[in-house]
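Single-structure report; data block below.
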Amino acid sequence: MAQVMELLSDGHRVALAGGGDSLRALALAARDLKEGRRTTHPELVLFTTWGDLQDYAAYDPAGRDLQPLVDLVDTHGADAILAAVAHLAPEDQAEVTVSTAHKAKGREWAEVKIADDFTPPSDGLPDGTGQETVRRIDDKEACLAYVAVTRTRRRLDIGGLPWTNEHPEGASAGPQPPR
């Protein structure tokens with residue numbers, strides 16, 4: 001959504017893959033919590049305050065999926081998110097379509113730019129000999145990255161995945177022969 005807001009402020013006609021209804025509902029629920037009201041949103045109904053949601057997202061591993069929403073609302077505010085959603089264009093009228101990797105499955109675009117919200121592998125840990133071991137790339141993140149980079153027909157900007165060129169599991173010895 002941060003990409004959507006930036007593109008809108010730059011004057012682009014922007015679409016959000018799948019539309020903005022679910023994000024609108026989350027922003028309304030976040031606004032309710034921030035204003036001290038309970039919400040009926042199914043993902044946030046258990047929280048009585050915005051602070052409860054912030055703590056859950058920050059400190060409970062089960063709340064990790066809510067951290068992007070918390071960060072977005074804390075950075076931009078619920079009203080700015082609602083305004084951005086109201087300015088979304090239909091995909092067939094947009095200059096740019098913003099999508100999550102999940103919503104991009106089965107789709108293609110002429111050009112794809114990868115955002116910087118993929119989780120890179122963690123730093124290595126000492127292996128007992130003083131050497132650092134290389135952490136494995138999370139399989140789910142690798143699958144999502146694969147989906148994202150294979151959505152393009154002509155041009156791929158891999159900007160959001162720079163670590164793939166430096167990580168030993170992602171580095172190649174040079175160009176690979178076609179298969």
For region 79-108, pairs from a residue that is more than 27 Å from residue 34 (Cα to Cα) and free of Cβ contacts under 8 Å to residues at least 60 places away in the same chain to a residue that is outside any strand (DSSP E or B) and of a type in the set (Lys, Arg), with Cβ under 7 Å and 6 or more apart or across chains, are 108/151
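Each row is one residue, and each column tells you yes or no for (1) on the phi < 0 side of the Ramachandran plot; (2) part of a helix (DSSP H, G or I); (3) outside the structural domain of residue 79 (by TED's automatic domain parsing).
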{"residue": "8", "(1), (2), (3)": "yes, yes, no"}
{"residue": "12", "(1), (2), (3)": "yes, no, no"}
{"residue": "19", "(1), (2), (3)": "no, no, no"}
{"residue": "23", "(1), (2), (3)": "yes, yes, no"}
{"residue": "28", "(1), (2), (3)": "yes, yes, no"}
{"residue": "31", "(1), (2), (3)": "yes, yes, no"}
{"residue": "36", "(1), (2), (3)": "no, no, no"}
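A quick yes/no check of all residues on (1) farther than 16 Å from residue 8 by Cα; (2) within 15 Å of the chain's Cα centre (by Cα); (3) among the acidic types (Asp, Glu):
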| residue | (1), (2), (3) |
| --- | --- |
| 49 | yes, no, no |
| 56 | yes, no, no |
| 91 | no, no, yes |
| 104 | yes, yes, no |
I'm checking my understanding of the structure. Among residues of region 35-64 that are of a type in the set (A, V, I, L, M) and surrounded by fewer than 15 Cβ atoms within 10 Å (Cβ to Cβ), which one is modelled with the lowest pLDDT? 62
Just to be sure, is residue 67 of a type in the set (S, T, N, Q), more than 27 Å from residue 24 (Cβ to Cβ) and at pLDDT below 95? no
Given the structure, is residue 96 farther than 21 Å from residue 147 by Cα and either not assigned by TED's automatic domain parsing to the domain that holds residue 139 or not hydroxyl-bearing (Ser, Thr, Tyr) (or both)? no
Which residues, counting only those in region 66-82, are part of a helix (DSSP H, G or I) and out of contact with any helix residue (DSSP H, G or I) (no Cβ under 8 Å at 6 or more places or on another chain)? 68, 71
Counting only residues that are aliphatic (A, V, I, L, M) and in contact with a strand residue (DSSP E or B) (Cβ under 7 Å, 6 or more places away or on another chain), which one in region 1-22 is surrounded by the fewest Cβ atoms within 10 Å (Cβ to Cβ)? 17
If you go through region 121-179 one residue at a time, how many are modelled with pLDDT of 70 or more, among the small types (Gly, Ala, Ser) and assigned to a loop (DSSP other than H, G, I, E, B)? 2
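The values are calculated or read from the model by the stated rules, or taken from the named source; none is laboratory data. What you see is a predicted model; the values in this text were computed from it and never measured. All Cβ positions, even for glycine, are placed from backbone atoms using ideal geometry, and neighbour counts span all protein chains on display.
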